[in-house]
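Chemist: My questions will all concern the structure given below.
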Amino acid sequence: MKYLVIVQGSQADYEAMAGNATDSSPAWSKPDLTAMFAHMNAINEELTAKGEMLDAQGLAAPSTTRFVTVDGDGRPVVTDGPYAETKEVVAGYWLLDCASLERVTEIAAQVARCPQPAGAPEYAVVIRPVDATGPTQD
C-alpha cells in the first residue's frame, strides 16, 4: 500500500536552520544541519535499498508559497507568501510503498528521531494512506 509520510515545520524553523534564532527555535549550527541531513539521507538510502521509496522531497520555505484561487468570474487570484496566520506547513515528504501500516509507522518513528538542537520545536510525523480507489462513477 502507498503512504505519504509528512514532516512539518514553520517559517521560523526555516529561518533557524539558516542560522537565525527565532522566538520559537534556536539557530541551527553547521554540525546540527550535518547531523540532520545524515539522518535523513540514511533513511532515504534504507528505503531505496528495500524498494519502498517512490519519492521524497524537502520543500522550500513557506515564504516562497503562492496561493491561487479564482474570483467570481473564474479569473486567477494569486497571493504570494509569507503568511503570518500559517503556523505549521508541510516541510517535506516521502511517498512510500510499504507492506503494512506497522512498517510505515516504524519509518515515521525513525524520521521523528531526527537530531536537532536543544529547544527546537518538535512536530508529529504524519502518515496518510494514499487513496487508491479514486473517484467512483455511477
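Chemist: Could you list Thr65, Thr79 so that the one with the fewest beta carbons within 10 Å of its beta carbon is first and the one with the most is last?
Modeler: Thr79, Thr65
Chemist: Turning to a different aspect of this structure: Express in whole angstrom the spacing between the alpha-carbon centres of segment 102-120 and segment 1-39.
Modeler: With segment 102-120 and segment 1-39 each reduced to a Cα centre, they are spaced 12 Å.
Chemist: Still on this structure, I have one more. If you average the sequence gap of Cα pairs under 8 Å that are 6 or more apart and divide by the length of segment 2-129, what percent do you get for the contact order?
Modeler: Reported relative contact order: 43 percent.
Chemist: List, in order, the whole-Hz ³J(HN,Hα) value for each residue of segment 122-127 obtained from phi through the Karplus relation with A = 6.51, B = -1.76, C = 1.60 and θ = phi - 60°; use x for Gly and Pro.
Modeler: 10, 10, 5, 8, 9, 10
Chemist: Taking 1 over the mean of 1/r across every pair of different Cα atoms in the chain, what Kirkwood radius in Å do you get?
Modeler: When all Cα pairs of the chain are included, the Kirkwood radius is 16.9 Å.
Read-outs: derived from the displayed coordinates by stated rules, not from any lab. Values in this document were obtained by computation on a predicted structure and should not be read as measured data. All Cβ positions, even for glycine, are placed from backbone atoms using ideal geometry, and neighbour counts span all protein chains on display.
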